[in-house]
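The values are calculated or read from the model by the stated rules, or taken from the named source; none is laboratory data. Source: prediction; values computed, not measured. Backbone-built Cβ (ideal geometry, glycine too); neighbour counts: all protein chains shown. The area values use the complete protein model at the heavy-atom level, side chains included, leaving out ligands, DNA and RNA. Shrake-Rupley method; radii C 1.70, N 1.55, O 1.52, S 1.80 Å.
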Amino acid sequence: MNQSAISIGVLGFGGLGQAAARILSAKQEMLLVAAADKQGYIYHEEGLDKERIITAYHQQGSVGYLEPHGTLSQNSIAELIEKANVDGYFLALPNLPNTFMAEVAKQFIQSGWRGVLVDALKRTSAVEQLLEIKDHLAKAGITYLTGCGATPGLLTAASAIASQSYTEIHQVKITFGVGIANWEAYRATIREDIAHLPGFDVETASKMSDTEVEAFLDKTNGILTLENMEHADDIILELAGICSRDRVTVGGVVDTRNPKKPISTNVQITGRTFEGKISTHTFTLGDETSMAANVCGPAFGYLKAGIALHRRGIHGLFTSAEIMPQFVR
């Protein structure tokens, strides 16, 4: 074990959690020591073998089955927090219901744990719930960075940087393309996306069975077209003083049957310069980068930045537009 490595836990072990484990295996500065899913958790301070825990999850349904360090539990998050010595957690959890992430944060507060939490939340209302407990996070000695995936996250931070060219921001327009080979690898993520469609909400999407989701995707040829989403980029940019949330729009296309992106992902920041000229900056992600790479990579970059803040005694709630992520070797 690298004694200087940051010990990391991953809560949630669906497609995003498994991608996080794979990414961490290539990092020298971070070590995956803990993971949890609905049915159990695993902790080993010397580090976890990504292939073994992923195989256990796929073959048996939970990382808790993996001997000798796995534990089956219906209260996996609380038990792992109590047992594990972890510097920071990536919350790769589905925010279904919409109150779930704030409830998880409260578990950390109540446990007495001190460290860094990073999420990849999407919904504005979920961030608003975290803002309600920001003082409690600070008092508990927790440094929490929210909205730190791709969008919000990478594209939000790019917007904050690009805005420096202007004296006034007229519009921030985020357009994403996501391609995945099999929707079942990202069940929760797809349900969250369905919840943004007309005629759906978080409650109805979360109650859909896999069969119902599959039938719905059959009707759309596996394509989800999303417009004017309730996305936390708006509140994050507003909190950072970039622009009011009504000037931020988010939408995109998700192909649940093809790993190739259906469209390129980009953010356009339009504003007026001090000379009075109207212009647009465009930041485009490479089409070859996957959703997993663009969510998990920034999340761990923010986690590293959060560790630096925590070690300086800086606690509380921060957003992806306030803090720059740091490259993790």
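Being assigned to a helix (DSSP H, G or I), touching a helix residue (DSSP H, G or I) at 6+ places or on another chain (Cβ under 9 Å) and closer than 28 Å to S4 by Cβ is the filter here, so list the residues in region 65-93 that pass it. Of everything in region 65-93, those that are assigned to a helix (DSSP H, G or I), touching a helix residue (DSSP H, G or I) at 6+ places or on another chain (Cβ under 9 Å) and closer than 28 Å to S4 by Cβ turn out to be I77, I81, E82. Could you list, in sequence order, all residues of region 212-228 that are open to solvent by 20 Å² or more (accessible area, probe 1.4 Å) and under 21 Å from the mean Cα position of the chain (by Cα)? Passing the criteria: T225, E227, N228.
The set of residues in region 243-269 that are under 12 Å from A160 (Cα atoms) and either touching a Phe, Trp or Tyr at 6+ places or on another chain (Cβ under 7 Å) or open to solvent by 30 Å² or more (accessible area, probe 1.4 Å) (or both) comprises V267, Q268.
Only a single item in (1) surrounded by fewer than 17 Cβ atoms within 10 Å (Cβ to Cβ); (2) within 27 Å of I323 (Cβ to Cβ); (3) not β-branched (V, I, T) is not met by E203, and it is number (2). The set of residues from region 99-155 being hydroxyl-bearing (S, T, Y) and in a helix (DSSP H, G or I) comprises S111, T124, S125. Scanning region 170-188 for residues that are in contact with a Lys or Arg (Cβ under 9 Å, 6 or more places away or on another chain) and buried (at least 21 other Cβ atoms within 10 Å of the Cβ) returns V172, F176, V178, I180, W183. Looking only at residues in region 282-306 that are among the aliphatic types (A, V, I, L, M) and open to solvent by 10 Å² or more (accessible area, probe 1.4 Å), which one is farthest from the chain's Cα centre (by Cα)? The residue in question is L285. For region 90-115, a tally of residues being closer than 22 Å to L155 by Cα and either of a type in the set (K, R) or buried (at least 21 other Cβ atoms within 10 Å of the Cβ) (or both) returns 6.
If you filter region 25-70 down to residues that are of a type in the set (F, W, Y) and over 15 Å from G15 (Cα atoms), you find that the one that is most open to solvent (accessible area, probe 1.4 Å) is Y65.
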